[in-house]
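Here the structure is laid out as structure tokens; the discussion comes afterwards.
The values are calculated or read from the model by the stated rules, or taken from the named source; none is laboratory data. Source: prediction; values computed, not measured. In this analysis, Cβ positions are derived from the backbone assuming ideal geometry, glycine residues included, and neighbour counts consider all displayed protein chains.
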Amino acid sequence: MRMKQVLRYSLLIIFLLWCTFHIASVSSAGSINAYGVESDNPYVVRRFLQDGKFIDEVIVPGRRPESYRAPKAIIPESSSAVGLISQSNVPAFDLSYGCSATSAAMMFGYYDNTGYPDLYTGPTNGGVCPMTNAVWGEGECPLSATHLGLDGRTIRGHVDDYWIAYGSTAPDPFIGNWTEHVQGECTGDFMGTNQSLKSNPDGSTTFYYYLDGSPLYDFTGLEPGNRDGCHGMKLFFESRGYAVTSNYSQYIYGYNGNTLGFTFEQYKQEIDAGRPVLIQLLEQNTMLGHTMLGYGYNETGSLVYLHDTWDHDSHEMIWGGIYPDHYEHMGVTVFIPTHSLVGSILLLLLDTP
Amino acid sequence: MKLIRFIGLWFLISCLMIFYSESEAVRPPLKPLGSEQLQKMAADADMIAVGTVISVRQSKTLQPPLETVTVHVAMAPEKILKGDQSSQLIKIEESYQQFFMPDIEIVPDGRNTSGKPVIAHIAGPAPPVGKYQEGDRVMVFLKFLNKSDQYCPLGSGNHDAYLGVFYITAEGVVSDKYRFSGGVAGYAKYEADFINYIISNRGETP
């Protein structure tokens, strides 16, 4: 009797061990990724057979430069020298198909949380823009770039129509192949980001400035072939049913010797009014830039507190300085929405200690 | 009762194994350069050299809406770690495409500007090529171009490849495109250590 029991348990152990290793090996051989494809590669969106061979369609989102990561900032308590927009309302997204579209998405994610609720209306978080894009996976954010299969989307979106590969200047995938999606729901659509017909390589957005440092309001002078990202932000905001009081890009005071530029004092005024500001950087060697979202300041050291699109942390930069090691602070993009009634009440409540 | 407990334990172990295997599947885009990749670069290179950039010239060819930018670099070698030891001058050529953008646009009145010059700045990825300035000391991993006596850095033009251009600075040997992983980072602190490391991994005797 006892022998039989030992034998029975031994056989059961062998069977269960076999099952365990089988399941584990199947899982590690190719888990199902976010696109429903059995692959360890999170960027394989489709697999098809051609000439007897499997072909994986891979979309690699824009990425942060590994060597440029800046240290996390320690944000002090709010004081007379420190001005902050409540961090609990300013999202920190990592790069989702372009730094400028991502920074604008963070700005509009903030406004979505503070009185403009129709800016993000997707199924996540009850239709309220979350504080990070982790829920959608690294490098994905439907407010920056819509994507088939992401956030309940069942039709092609921004990424499907415009994205090929980081830095690509090739014609967009939809051209000559299928009908372009109706632009909407994401900042990248309106800002011209990644769109070859707007002369933007993948990962890029163009902004325009007056050389003399004065503000350039809502520039449309080179449409339709070229789109000003600042004008695109206005188009996005209006497409969601809201009005814009003012939008402009401007060199900061002193850049290239100008005396008409945007000052740290003006930046502080924007933050004190509850309006985040796009911080524009430029690398002098390549003349290519980077966009981040400024949401606070510290008068001591003329610091800007910001989200840099490379992670979900807070960082800091000296106004007019270098970030993190060779991008020079060159300009700003200021966006002033027309106050909604709900927004006004919310801002009043947020300002109340 | 014992059987249920046993199956429960099995289920727990299976779940842990599945979780572990899936957590490994997360793949960062471009990892810091490790010793294996560096050894592969050393083996793939036709020439590895340390030297000083003595001239940089840029030319552009317009093919609307794109323009091809070609960078011509001349480098005076100090040490050739792999390849033709007799080279007195190394010529490097790299090229990439970008959308043509006039440097300064003056937009006529009536289209929301006052006729003042407007400049465009693109926020986006830098081209995957080396950045050179006269006087820079660099270490380059090069492959032959089809043209005679011209080279191109490994990985040039490809955002997903490790670019074979390193800068020799007071802080050691660095890349402006990626970081080094632990092992390589140790050698990269000092130029001499890095050179010795490359020599021992270059895949041939000069």
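B:Q58 passes every criterion in (1) surrounded by 15 or more Cβ atoms within 10 Å (Cβ to Cβ); (2) without any contact (Cβ under 8 Å) to a residue 24 or more places away in the chain apart from (1).
Annotation note: Cβ proximity below 9 Å between a residue of region A:148-176 that is more than 14 Å from chain B (Cβ to nearest Cβ) and a residue that is part of a helix (DSSP H, G or I) and small (G, A, S) (sequence gap 6+ or interchain) occurs for A:H158/A:A101; A:H158/A:G188; A:V159/A:G188. Residues in region B:65-79 include at least one that is more than 13 Å from every other protein chain (Cβ to nearest Cβ), under 30 Å from A:N194 (Cβ atoms) and either assigned to a strand (DSSP E or B) or under 21 Å from the mean Cα position of the chain (by Cα) (or both). Residues considered: A:I252, A:I336, A:I279. Of these, the only one that is in contact with a Gly (Cβ under 6 Å, 6 or more places away or on another chain), over 22 Å from A:A73 (Cα atoms) and at pLDDT 95 or above is A:I252. For region A:108-163, residues that are closer than 17 Å to A:D202 by Cβ and small (G, A, S) total 4.
This table checks each residue for (1) under 12 Å from the mean Cα position of the chain (by Cα); (2) more than 12 Å from chain A (Cβ to nearest Cβ); (3) crowded, with 22+ Cβ neighbours inside 10 Å.
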| residue | (1), (2), (3) |
| --- | --- |
| B:P128 | yes, no, no |
| B:Y132 | no, no, yes |
| B:G135 | no, yes, no |
| B:V138 | no, yes, yes |
| B:Q150 | no, yes, no |
| B:H159 | yes, no, yes |
| B:Y178 | yes, no, no |
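A search for C-beta distances below 6 Å between a residue of region A:209-231 that is β-branched (V, I, T) and any residue that is buried (at least 20 other Cβ atoms within 10 Å of the Cβ), counting only pairs 6+ apart in sequence or on different chains, returns A:T220/A:H231. Looking only at region B:169-206, filter to residues that are of a type in the set (S, T, Y) and not in a strand (DSSP E or B); which one of those is modelled with the lowest pLDDT? Of everything passing the filter in region B:169-206, B:T205 is modelled with the lowest pLDDT. Residues in region A:125-163 that are crowded, with 17+ Cβ neighbours inside 10 Å, over 15 Å from the mean Cα position of the chain (by Cα) and outside any loop (DSSP other than H, G, I, E, B): A:D160, A:D161, A:Y162. Filter region A:250-266 for residues that are assigned to a helix (DSSP H, G or I) and in contact with a strand residue (DSSP E or B) (Cβ under 6 Å, 6 or more places away or on another chain) and give the result. The answer is A:Y255, and nothing else.
Rundown of residues vs (1) within 22 Å of the chain's Cα centre (by Cα); (2) over 16 Å from A:H329 (Cα atoms); (3) crowded, with 24+ Cβ neighbours inside 10 Å, yes/no style:
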{"position": "A:L211", "(1), (2), (3)": "no, no, no"}
{"position": "A:T220", "(1), (2), (3)": "no, yes, no"}
{"position": "A:R227", "(1), (2), (3)": "yes, yes, yes"}
{"position": "A:C230", "(1), (2), (3)": "yes, yes, yes"}
{"position": "A:M233", "(1), (2), (3)": "yes, yes, yes"}
{"position": "A:G241", "(1), (2), (3)": "yes, yes, no"}
{"position": "A:Y251", "(1), (2), (3)": "no, no, yes"}
{"position": "A:G254", "(1), (2), (3)": "no, no, no"}
{"position": "A:N258", "(1), (2), (3)": "no, no, no"}
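Residues of region A:210-246 that are of a type in the set (G, A, S) and more than 9 Å from chain B (Cβ to nearest Cβ): A:G213, A:G232, A:S239, A:G241, A:A243, A:S246. Residues that are assigned to a loop (DSSP other than H, G, I, E, B), under 16 Å from A:C230 (Cβ atoms) and of a type outside the set (V, I, T) within region A:175-193 comprise just one, A:G192. If you go through region B:139-168 and pick out every residue that is assigned to a loop (DSSP other than H, G, I, E, B), touching a residue at least 12 places away in the same chain (Cβ under 8 Å) and out of contact with any Lys or Arg (no Cβ under 7 Å at 6 or more places or on another chain), you end up with 11. Against the criterion of being modelled with pLDDT of 95 or more, closer than 14 Å to A:H307 by Cβ and touching a Pro at 6+ places or on another chain (Cβ under 8 Å), A:G127 does not qualify. Every residue in region B:71-104 that is surrounded by fewer than 16 Cβ atoms within 10 Å (Cβ to Cβ) and closer than 25 Å to A:F207 by Cα, please. Answer for region B:71-104, where residues must be surrounded by fewer than 16 Cβ atoms within 10 Å (Cβ to Cβ) and closer than 25 Å to A:F207 by Cα: B:F100, B:P102, B:D103, B:I104. Selection within region A:190-209: residues that are among the aromatic types (F, W, Y) and at the interface with chain B (Cβ under 9 Å from one of its Cβ atoms). The member of this set that is surrounded by the most Cβ atoms within 10 Å (Cβ to Cβ) is A:Y209. Quickly run through region B:53-108 and pick out the residues that are farther than 22 Å from B:P127 by Cβ, at pLDDT 90 or above and β-branched (V, I, T). Matches in region B:53-108: B:I54, B:I80.
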